Amino acid sequence: MTVEQVGVIDGVGTTKDGNHAVLFVSDHLTWDSPGHIEKLAAKIEAYAKVILNGGLKDLIPDADHKAGVIQVVYEHPPSKLGCDFLTSVEKQLADVGVKLWHGQLPAGY
């Protein structure tokens, strides 16, 4: 499962404190790969629809009591354009009550 598979949820989980239901995006592409940002945008949009349409409860028990989060885990550090994209998406999602978390995989993965 990867960022290239828009219709597939790469992973699901909850935070240790139980306050957040998390949908994970696994992103292995370099930020200068053709179509990378478009693919990531489509995947994030699909995840946001799941959260906003109440689909978390089908994936995570008692998700109704948790905040929805999309977490993008990328292999390669984002370029300037990638950082700008993530900042913009984070703001857009926050406006509709969805959190975006993102970060790079630790070395060696």
(message) Cut-off under 28 Å on the C-alpha distance; same-chain residues fewer than 8 positions from Lys66 excluded. Which lysines are left, in chain and number order?
(response) Lys16, Lys39, Lys43, Lys49, Lys57, Lys91, Lys99
(request) Have a look at Val12, Val73, Gly54 and report the one farthest towards the positive end of the charge dipole of the chain, computed about the Cα centre with Cβ charges (Lys/Arg +1, Asp/Glu -1). (result) Gly54
(request) Using only Cα atoms, tell me the angle between helix 80-95 and the longest principal axis of the chain; keep it within 0 to 90° and round to the nearest 10. (result) 20 degrees
(message) With n ≥ 4 as the cut-off for DSSP H runs, can you work out [θ] at 222 nm for the chain, using -39500 (n - 2.57) per run divided by the number of residues, rounded to the nearest 500?
(response) -10500 deg cm²/dmol
(request) Note the angle between two axes, namely the Cα long axis of helix 36-52 and the longest principal axis of the Cα atoms of the chain, as a number of degrees from 0 to 90, rounded to the nearest 10. (result) 0 degrees
(message) Quick check: the distance between the Cα centres of the stretch 61-93 and the stretch 23-53, to the nearest angstrom?
(response) 9 Å
(message) Quick query: amide H of Trp101 versus all other amide H atoms, modeled in the peptide plane; which residues come in under 5 Å with a sequence gap of 5 or more or a different chain?
(response) Ile70, Gln71, Val72
(request) Compute log10 of I(q)/I(0) for the chain with the Debye formula, placing one identical point scatterer on every Cα and leaving out solvent, at q = 0.11, 0.13, 0.16 Å⁻¹, to two decimals. (result) -0.32, -0.45, -0.68
(request) Return, for the Cα atoms of the stretch 38-83, the radius of gyration and Dmax in Å, separated by a comma. (result) 13.1, 38
(request) Might you report the magnitude of the Cβ-based charge dipole of the stretch 58-109 about its Cα centre, with Lys and Arg at +1 and Asp and Glu at -1, to the nearest 20 debye? (result) 220 debye
(request) Might you report the magnitude of the Cβ-based charge dipole of the stretch 1-83 about its Cα centre, with Lys and Arg at +1 and Asp and Glu at -1, to the nearest 20 debye? (result) 140 debye
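No value in this document is a laboratory result; all are computed from the given coordinates. Treat the numbers as computed from the prediction; the structure is a model and nothing was measured. As a convention, Cβ positions derive from the backbone with ideal geometry for all residues, glycine included, and neighbour counts pool all protein chains shown.
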